[in-house]
1. When region 81-100 is examined, which residues are found to be of a type in the set (S, T, N, Q) and either farther than 22 Å from residue 180 by Cα or out of contact with any Gly (no Cβ under 8 Å at 6 or more places or on another chain) (or both)?
2. Being under 21 Å from the mean Cα position of the chain (by Cα) and free of Cβ contacts under 8 Å to residues at least 24 places away in the same chain is the filter; apply it to region 47-84 and report the residue that is farthest from residue 215 (Cα to Cα).
3. Can you give me the number of residues within region 213-228 that are within 14 Å of residue 196 (Cβ to Cβ) and of a type in the set (Ser, Thr, Tyr)?
4. Considering only residues that are in a helix (DSSP H, G or I) and either surrounded by 12 or more Cβ atoms within 10 Å (Cβ to Cβ) or of a type outside the set (A, V, I, L, M) (or both), which ones fall in region 139-155?
5. Please state which one of 158, 136 is touching a residue at least 60 places away in the same chain (Cβ under 8 Å) and in a helix (DSSP H, G or I).
6. Given the structure, is residue 133 under 17 Å from residue 217 (Cα atoms), surrounded by 14 or more Cβ atoms within 10 Å (Cβ to Cβ) and not polar (S, T, N, Q)?
Amino acid sequence: MIQGFSREASSYAFADSSVEAVNALFRKVYQWMAVGLILTTVAAYAVASSRTLLGFFYGSRAPLAVVAIVEVGLVLWLSMGINRISAGAAAVSFMVYSVLNGILCSSVLLVYTQESVYTAFLSTAGMFGVMSVYGIFTRRNLTSFGSFLTMGLFGLLIAMVVNLFMGSSRMEFMISAFGILIFLGLTAWDTWKIRQVAAQIEGGEDGVPMRKVAVIGALSLYLDFINIFLYLLRFMGKQKQ
């Protein structure tokens, strides 16, 4: 009786500890994601509403090309060098990336109507929330689902490259629709992966490993959110006359 009670108590203690770790990590992930989206929004509106900044970034192709290259470099550095960099460096890099992405996303404010942007953002928030909640609470193993989505993402990129030469509006419509579906699926998968990591993570000194994992998790979900938003705009957004 005593042994049985001890095992049951230790099992509950482990479960409680695991739930606390998951909750703590997701709080940090969503906080960092919110910071990233706010910085992106502020940067996009700052560029779109300033003649000086518009002239600098859109006066020639070079500035935006540099921004795009730096963005790719930051994502690779964060994803591949997470074990070598500090939590502070990871956080700063994520914030810099969010600002740079806002500069690139300023173009949507110039092309699409304000109503379309608001509608796409709210729709994205709703769909993202549903898929993220599914990723947190599902009991299914989504490993194979992630592999399928990764293949779909590569196919999407190939279709986009092909359509650069074809210029087909019908293909553009299909690419946007599939893009929305793929990144909704990736939202669930990335959330599920974060949950798996949270159950195994060690707090470390002052919780540093958790802070770094939270930044990387926030980056993954941030990218999912931004891509859903952009594909939704292309799918149903109304352009300015």
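Bear in mind that the values in this text are calculations on the coordinates, not laboratory data. Quick caveat, the model's predicted, so the values are computed rather than measured. We place every Cβ from the backbone using ideal geometry, glycine too, and count neighbours over all the protein chains shown.
1. 83, 86, 93
2. Result: 69.
3. Total meeting the criteria: 1.
4. Passing the criteria: 143, 144, 145, 146, 147, 148, 149, 150, 152, 153, 154, 155.
5. 136
6. Spelling it out, it is not the case that residue 133 is under 17 Å from residue 217 (Cα atoms), surrounded by 14 or more Cβ atoms within 10 Å (Cβ to Cβ) and not polar (S, T, N, Q).
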